[in-house]
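Laboratory data are not the source of any read-out in this text; all were calculated from the coordinates shown. It should be emphasised that the depicted structure is a prediction, and the values quoted were computed from it without experimental measurement. Glycine also receives a Cβ, built like all others from the backbone with ideal geometry; neighbour counts cover every protein chain displayed.
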Amino acid sequence: MSHAVQSSDVRSGTGSRPVRSCISLARIHGFSAKNERKQKEKQVKQILKKAENERTEDEIQTLEDLIEIVQELQKRARRREKVKAQQQETEDSPDVLDDKVKKLALLLRESNHAVFYTGAGVSTAAAIPDYRGPNGVWTLLQQGKQVESTSIVDACPTLTHMGIYKLHQEGLVKHVVSQNCDGLHLRSGLPQNSLSEIHGNMFIEVCRNCTPEEQYIRTFDVTENTSLHRHQTSRKCHRCRKPLTDTIVHFGEKSSVKFPLNWEGAKLNAEAADLIVCMGSSLKVLRRYSCLWRMNQPLQRRPKLCVINLQWTPKDGQAVLKISGRCDDVMQRLASQLNLQIQEYSKPKDPLFNLATPLRKKETESFSTKQLSVGTSLEECLLHTEDEKKHDQERKQTDLEGDETKSGPLQPGWFGKGLRRRSQSNKRRRRLSKIKDEL
Ligand SMILES: [Zn+2]
């Protein structure tokens, strides 16, 4: 009998009754210790809220006894303040901006291989919201606010896109790595082999079955019915008849699509770069791609770095130049320093019309989103004129103040999908952690 019990204990391992009891006791002990700590933190927080001269002797003694908790709470408050300060947008004064842009012009003239890394900030003047700015898509969604639905097809390349294209034509910029999926660099005239759209392009769908991958450039948003891990669009490859997929890379995804991501081009150019100019990006995602920063090389052999962004970025400390300015403003001043004339964007000459694969008859009804067309869009393209920008700003402000009748929820496309999925998984994680705590 006794032998049988011992065997059963060995087989069941930690599942045996005494061990299970120990685990339960440890859990209960951990739970009560956690609760005790929470109570103490609450007590300390209440005392710290009082002015120093209003604290009783007992309260002062409590703070001394619980000095470790006091220090921890102070540390957390400092961290919160730091994050808050980093999220704030600051703008250099016009004089400071001029001085800094002069330095940037010099850096560009002296460089042999300059590469631009761009983020959502280069497209905000085209009425495309950024992600982490005060009115950014993710900031608003995280605050539970509505995000105005705009047709991204209506957006046109900004002065910054056109300026980068001009710099490329002049040989002052060799390559552009963009995190934007709006396709505006391609539409500015930048050739695809000088561009790495590392998170995809909303106008491009590909056939992954064909070798080399067959690329289909369209004049409409191909992401209408796609989302995280679901990339199949509503059309088929003309060569092999297999379904096409979009090229968008959401958070938590990796994509091996060759173009428009062009990682090979991004890596080769980062390797050859002697100057990297980061424009309109928080760099929170971009910094994780170590191959773009030559992190495997000593600091003195890495390219010079210039950061142009209204908010703090994690690369500010390594930059030889940080410009706190709006992209279009900086580009305008830079063009004037370099004596360059930036061409105005012209819708009829939009390269997308030439690059696009003509739709076959039965494909014309395969999408319901707006199509880019020459006829209707000239006035829509003027969104970045001053009056329209002001009007757009006022409309956004009204929406923020609670008049939600003018704004609709986020509509099909790639915007916000990654975040929505992330929030859901965060909620799930929190729920699981709560259940664990309650055990
Ligand atoms: Zn194919």
Task: Ranked list, fewest to most other Cβ atoms within 10 Å of each Cβ, for Thr247, Thr160 - done: Thr247, Thr160
Task: Two-site label geometry, Arg301 and Val320: point separation in nm, points 7 Å out along Cα→Cβ - done: 1.8 nm
TODO: Please name whichever of Thr364, Gly265, Ser282 sits farthest to the positive end of the charge dipole of the range 239-387, dipole taken about the Cα centre and charges placed at Cβ: Lys and Arg +1, Asp and Glu -1.
DONE: Gly265
Open item on the list: Among the listed pairs Lys84/Lys304; Lys166/Lys349; Lys100/Lys166; Lys103/Lys304; Lys236/Lys361, which have their C-alpha atoms separated by more than 22 angstrom in this model?
Closed with: Lys84/Lys304
TODO: Could you let me know the centre-to-centre spacing of the range 356-371 and the range 276-347, using Cα atoms, in angstrom?
DONE: 37 Å
- [ ] May I ask you to derive the FRET efficiency for His238 and His113 from their Cβ-Cβ distance with R0 = 35 Å, giving the value to the nearest 0.05?
- [x] 0.40
TODO: State, to one decimal in nm, how far the label point of Arg37 lies from the label point of Glu68, with both points 7 Å from Cα in the Cβ direction.
DONE: 0.9 nm
Task: Beta bridges by DSSP in the range 209-320, antiparallel share as percent, to the nearest 5 - done: 40 percent
Task: Fraction of antiparallel bridges per DSSP, the range 152-234 only, in percent to nearest 5 - done: 60 percent
- [ ] Report the calculated FRET efficiency for Lys49 and Lys82 (r = Cβ-Cβ distance, R0 = 25 Å), to the nearest 0.05.
- [x] 0.75
TODO: Quick one: P(r) of the range 174-310 from all Cα-Cα pairs, 5 Å bins, percents rounded to integers, in order of increasing distance.
DONE: 2, 10, 18, 21, 18, 14, 8, 5, 2, 1, 0
Open item on the list: If neighbour count is taken as other Cβ atoms inside 10 Å, put Cys237, Cys327, Cys306, Cys210 in order from fewest to most.
Closed with: Cys210, Cys237, Cys306, Cys327
